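Reading through the structure tokens given below for one structure.
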Amino acid sequence: MTEKLNSFRNQPDDSGHFGDFGGRYVAETLMPLILDLEREYRAAKVDPAFHEEFDDLLEHYVGRPSPLYYAERLTEKLRESAPEGKGAQVWFKRDELNHTGAHKINNCIGQILLAIRMGKTRIIAETGAGQHGVATATVCARFGLPCVIYMGATDVERQQPNVFRMKLLGAEVVPVQSGARTLKDAMNEALRDWVANVHDTFYIIGTAAGPHPYPELVRDFQSVIGREAREQMQKRTGRLPDLLVAAIGGGSNAIGLFHPFLDDPSVKMLGVEAAGHGLDKQHAASLAGGFPGILHGNKTYLLQDEDGQIAEAHSISAGLDYPGIGPEHSWLKESGRVDYTSITDDEALDAFQLLCRTEGIIPALEPSHAIAEVAKRAKEMDRDQIILANLCGRGDKDIFTVAEALGAKI
Amino acid sequence: MTRIAKAFAKGHPALVCFLTAGDGDTAANLDALVEGGADVIELGMPFTDPMADGPDIQAADLRSLANGTTTADVMQIAADFRARHPDIPLVLMGYANPMVRRGPEWFAAEAAKAGVDGVICVDIPPEEDAALGPALRNAGIAPIRLATPTTDAKRLPAVLNGSGGFLYYVSVAGITGVQQAATGSIDEAVAALKAASDLPIAVGFGVRTPEQAAAIARVADGVVVGSALVKLVGEHGANAPDAIRELTASLAEAVHNARKETAA
């Protein structure tokens, strides 16, 4: 009983709050639908048939479990510049090997199964870099449902390959012209569509944010990452990792890795936000540079001014380019269970290249933020210690961005 | 009797008019609403992410923010309006984040000081009332709630509980200023709301013309017009007051006389 009361794993409460964060801050039109979704999710959660179908699709369609990989050459490389006896082992959870190239598909499988349970016949989603859009378009093609993806016009321009992928998969991609024309604006427009089409439309939110029950259900669907990793690590090494590291935009890959370990006191955790051009300049680090506020259905840390106007975020990684963060991370920060730090565009670019050359893996720019932090921490930790980082996406989509940043022509 | 209650007790349906604070010469535009015959004023607080609004009000919010409008400016516009028009009810409408940024008590106190009668917050449903509702009620400001076509009979009591001023019926599931609802569906919804509440029922979303306004005023206690007025500010700039006064006058005539026509 005491253990249960002291758990970090039993959030949110019945009204969708993670401590002071989370909640259901939506227009009245959406409220009944949100309550329906919650009821349906509660039913699905205890329905063995739902889990069976989810697990089956993850295994045979997504390609799970993803491997747990010991990055030996990266570990050795980091030890070269570490003090005597320092240089922790670096391991990766290889979610970049999933179908569609990132962790996003785990959540999309879960949500489309919920949509079908609820009898919804049309799917909408927002996307930043296009990874969630591609994953949503993918599951819509797989289940034969029409799909509309809202994407900021700026992101449409800088992520053309993913736009074309979504179209190949049969999705309609709507460029959003409002605001700074990035992820936040895409989410506004998706909410506008949803509120006008509540009767037949399911909104597949891409990260562990938005109104309750989204942060909870996205976390649950992504927790397959941490559950697998925990089991794989124990099987391979006979122990738990000492430190988990994951990049954070909205925070779905991080919460997916962290959540199954939250009640293991020996396991430290570190979320890595995008510091963009630097925390004193334009960035996307909501916890480091923001304040609690209300946006897109939840209360959480937001980049905003003193009047509560939302600031434009910046990160070289379109997937981290969002001025908010999932509410559970806000709570985990305030509870002290998870530490959070940030990595700049330039540091992420260095880490991107480091992993390419030491391990033959081209990572996405999002996990490159995690890798950059791993490189710092490994040198401070003993050689027999283990760092496990989430390699949540592959970098094929980013080669144009990286080429431009490095001044290369392709 | 509160200013809001009086506005709905004039013996004819009330015209409720919305403009975004800080978009154009707001004081002159608000005066034009009053001169045109508006019974209740909704003053929009601009927000960077107006996700329940259609293109007209989105554009107005961006124009206002580009002008550098702050929350203090909005409160000043409200206070100045109150000084010029002691009897016209004034309601602030907007999104949660700018309202709670400095704490709900701060916001409620400032609004009360500025002579604001009610607050409509788009993204605080009854489930999250604690975020703002208690502070407003303690400050004597009416928390005006929204009911929508998706608010069923089972849910309606929760919406009514703690609400004040009037009930804002959003006639279409959607965003502001885009579609219009079929009159029949509004009649039915208003009847259901009236059976459940003593609050006046004002109907809005997608109302642009005197004809639409009159049709609604035959059954509802008030009609809300926003996007059509806001659009005039964007189109006419400094000359907006004349255009606003003209449209408001035609809306007011239609709304105020809607039931007389039915009787005749």
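The values are calculated or read from the model by the stated rules, or taken from the named source; none is laboratory data. This one's a predicted model, so the numbers in the text were calculated from it and none came from an experiment. FYI the Cβ positions are ideal-geometry reconstructions off the backbone, even for glycines, and counts take in every protein chain you see.
One residue is enough: does segment A:353-372 have a residue meeting the conditions in the same structural domain as A:LEU257 (by the TED database), among the acidic types (Asp, Glu), over 24 Å from B:ALA52 (Cα atoms) and crowded, with 24+ Cβ neighbours inside 10 Å?
Checked against the condition, which is being in the same structural domain as A:LEU257 (by the TED database), among the acidic types (Asp, Glu), over 24 Å from B:ALA52 (Cα atoms) and crowded, with 24+ Cβ neighbours inside 10 Å, segment A:353-372 yields at least one hit.
Which members of segment B:209-264 meet the condition of being crowded, with 16+ Cβ neighbours inside 10 Å, within 23 Å of B:GLY22 (Cβ to Cβ) and without any contact (Cβ under 8 Å) to a residue 40 or more places away in the chain?
Hits for segment B:209-264 are B:LEU232, B:ALA243.
For every residue, the table says whether it meets (1) surrounded by fewer than 21 Cβ atoms within 10 Å (Cβ to Cβ); (2) more than 30 Å from A:ASN6 (Cα to Cα); (3) among the acidic types (Asp, Glu); (4) not assigned by the TED database to the domain that holds A:GLU72.
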position	(1), (2), (3), (4)
A:THR300	no, no, no, no
A:LEU303	no, yes, no, no
A:ALA311	yes, yes, no, no
A:GLY393	no, yes, no, no
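Limited to segment A:384-410, what total is found for residues that are part of a helix (DSSP H, G or I), touching a Pro at 6+ places or on another chain (Cβ under 9 Å) and among the charged types (D, E, K, R)?
3
Does B:ALA181 satisfy the condition of being within 13 Å of chain A (Cβ to nearest Cβ), in contact with a helix residue (DSSP H, G or I) (Cβ under 6 Å, 6 or more places away or on another chain) and within 25 Å of B:GLN58 (Cβ to Cβ)?
So B:ALA181 fails the test.
Any idea which residue in segment A:158-192 is surrounded by the fewest Cβ atoms within 10 Å (Cβ to Cβ), counting only those that are touching a Phe, Trp or Tyr at 6+ places or on another chain (Cβ under 7 Å) and either more than 14 Å from chain B (Cβ to nearest Cβ) or in a strand (DSSP E or B) (or both)?
A:VAL174
Could you say which residue among B:LYS231, B:LYS260 is out of contact with any helix residue (DSSP H, G or I) (no Cβ under 9 Å at 6 or more places or on another chain) and of a type in the set (Lys, Arg)?
B:LYS260
Conditions tested, residue by residue: (1) more than 23 Å from A:SER252 (Cβ to Cβ); (2) of a type in the set (D, E, K, R).
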{"site": "A:GLY297", "(1), (2)": "no, no"}
{"site": "A:ASP307", "(1), (2)": "yes, yes"}
{"site": "A:HIS329", "(1), (2)": "no, no"}
{"site": "A:PHE352", "(1), (2)": "no, no"}
{"site": "A:LYS376", "(1), (2)": "yes, yes"}
{"site": "A:MET381", "(1), (2)": "yes, no"}
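Please go through segment A:21-40 and give me each residue that is out of contact with any Ser or Thr (no Cβ under 7 Å at 6 or more places or on another chain), surrounded by 23 or more Cβ atoms within 10 Å (Cβ to Cβ) and more than 7 Å from chain B (Cβ to nearest Cβ), ordered by number.
Selection gives A:GLY22, A:LEU30, A:LEU37.
Output the number of the condition that A:ASP95 fails; it satisfies all remaining conditions of (1) closer than 24 Å to A:ALA318 by Cα; (2) not assigned by the TED database to the domain that holds A:GLU366.
Here A:ASP95 meets the rest and fails (2).
Do any strands (runs of 3 or more DSSP E) entirely within segment A:269-346 hold 1 or more residues that are more than 14 Å from chain B (Cβ to nearest Cβ) and of a type in the set (Gly, Ala, Ser), and if so, which?
The strands (runs of 3 or more DSSP E) meeting that bar are A:339-344.
Does A:VAL62 fit the bill of being without any contact (Cβ under 8 Å) to a residue 40 or more places away in the chain, more than 14 Å from every other protein chain (Cβ to nearest Cβ) and among the aliphatic types (A, V, I, L, M)?
Criteria not met by A:VAL62.
Residue-by-condition table, conditions (1) within 17 Å of A:GLY179 (Cβ to Cβ); (2) aliphatic (A, V, I, L, M):
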position: B:GLY54; (1), (2): yes, no
position: B:THR71; (1), (2): no, no
position: B:VAL74; (1), (2): no, yes
position: B:ARG84; (1), (2): no, no
position: B:ARG102; (1), (2): no, no
position: B:PHE107; (1), (2): no, no
position: B:ALA114; (1), (2): no, yes
position: B:CYS121; (1), (2): no, no
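Mind listing just one residue for me: the one in segment B:148-175 that is under 13 Å from the mean Cα position of the chain (by Cα) and aliphatic (A, V, I, L, M) and, of those, farthest from the other protein chains (Cβ to nearest Cβ)?
B:LEU167
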